[in-house]
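Comments concern the structure below.
The values are calculated or read from the model by the stated rules, or taken from the named source; none is laboratory data. Just so it is clear, the model here is predicted, and its values are computed rather than measured. All Cβ positions, glycine included, derive from the backbone under ideal geometry; neighbour counts span all protein chains shown. We work out accessible area using only protein heavy atoms, side chains counted, and drop any ligands, DNA or RNA first. Shrake-Rupley method; radii C 1.70, N 1.55, O 1.52, S 1.80 Å.
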Amino acid sequence: MDTSPLGGPKHADGQDGVLAVMPRLAQLSNAVSRGRLVQHAMDAAGVTVERPAFSVLLTLHFAGKPLRVKEIAEKVQVVQPHATRQVQQLERRGLVRRIGDPDDGRVSLIEPTDDGARAADRYAHTLIGWFTGVVAHWPEQDRDDLGRLLTRLADDVTAQLAHLDDDTAAPPAGGA
């Protein structure tokens with residue numbers, strides 16, 4: 001059997017590299033999201049909230065602007081009532097606050113409080129420090145390539161997902 005440069009079976013459609021790396025992406029995703037790393041970073045943040053609520057806090061912090069609950073739900077890929085519950089949990093802890101939407105007085109925007117922003121920063125610094133340590137022994141070019149390629153992958157995945165969302169929202173071709 002022919003194998004691709006990454007060790008997986010060769011496929012006629014030229015997707016060998018992608019297919020070979022998929023198990024590694026799943027392994028990395030599981031290690032980060034289900035492993036002790038996330039809990040370690042949450043502990044370093046000094047905040048005791050559920051992981052989904054902390055995900056909302058991070059989303060708000062790194063958005064760089066206040067968001068509507070609907071936008072939060074879209075970004076963390078949950079239904080709006082779930083996002084509302086997470087925002088309420090964060091509000092009770094003093095990590096986010098509601099502010100009026102200058103464009104629509106009927107709507108509230110959510111933003112991190114100073115305490116929430118500091119907690120999100122501590123979390124991010126813990127993760128960044130950990131990942132920096134993991135690749136510290138890599139040559140500088142490899143670290144630069146990793147950053148460049150991960151950025152490209154994240155941007156392309158996000159763009160493709162947006163196309164999927166557009167396709168499911170559009171009426172079927174040929175009328176309905």
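Test of understanding: what is the full-extension gain from H125 to R85, defined as 0.36 nm times their sequence separation minus their Cα-Cα distance?
On the way: separation 40, 0.36 × 40 = 14.40 nm, distance 2.66 nm.
Length gained between H125 and R85: 11.7 nm.
Say a paramagnetic label sat at a point 7 Å from the Cα of T158, along Cα to Cβ; which residues of the stretch 77-114 have their backbone N under 16 Å from it?
Under 16 Å, as judged by backbone N against the label point of T158, lie 77 of the stretch 77-114.
Amide H of R97 versus every other amide H placed in the peptide plane: which residues, excluding those fewer than 5 positions away on the same chain, fall under 5 Å?
Here E111, T113 satisfy the definition.
Put D155, D145 in order of accessible area, largest first, 1.4 Å probe: what do you get?
On the way: D155 95, D145 45 Å².
Putting D155, D145 in descending order of accessible area: D155, D145.
Taking the Cβ-Cβ separation of L28 and D114 as r and a Förster radius of 22 Å, what is the calculated FRET efficiency to the nearest 0.05?
Working: r = 33 Å, r/R0 = 1.50.
The pair L28/D114 has a calculated efficiency of 0.10.
Rounded to the nearest 10 Å², what accessible area does V38 show when all protein chains are kept and the probe is 1.4 Å?
Here the accessible area works out near 20 Å².
State in Å² the accessible area per residue of the stretch 50-117; use a 1.4 Å probe, count heavy atoms of protein chains only, and round to the nearest integer. Kindly include the intermediate steps, with their values, before the conclusion.
On the way: 3870 Å² over 68 residues.
Dividing the accessible area of the stretch 50-117 by its residue count gives 57 Å².
Give me the number: length gained by fully extending V21 to K65, i.e. 0.36 nm times residue separation minus the C-alpha to C-alpha distance, one decimal in nm. Mind showing how you got there, number by number?
On the way: separation 44, 0.36 × 44 = 15.84 nm, distance 3.50 nm.
Separation in residues times 0.36 nm, less the Cα-Cα distance, equals 12.3 nm.
In what sequence, largest accessible area first, do M42, M22 appear using a 1.4 Å probe?
On the way: M42 10, M22 95 Å².
Ranked from most to least accessible, the order is M22, M42.
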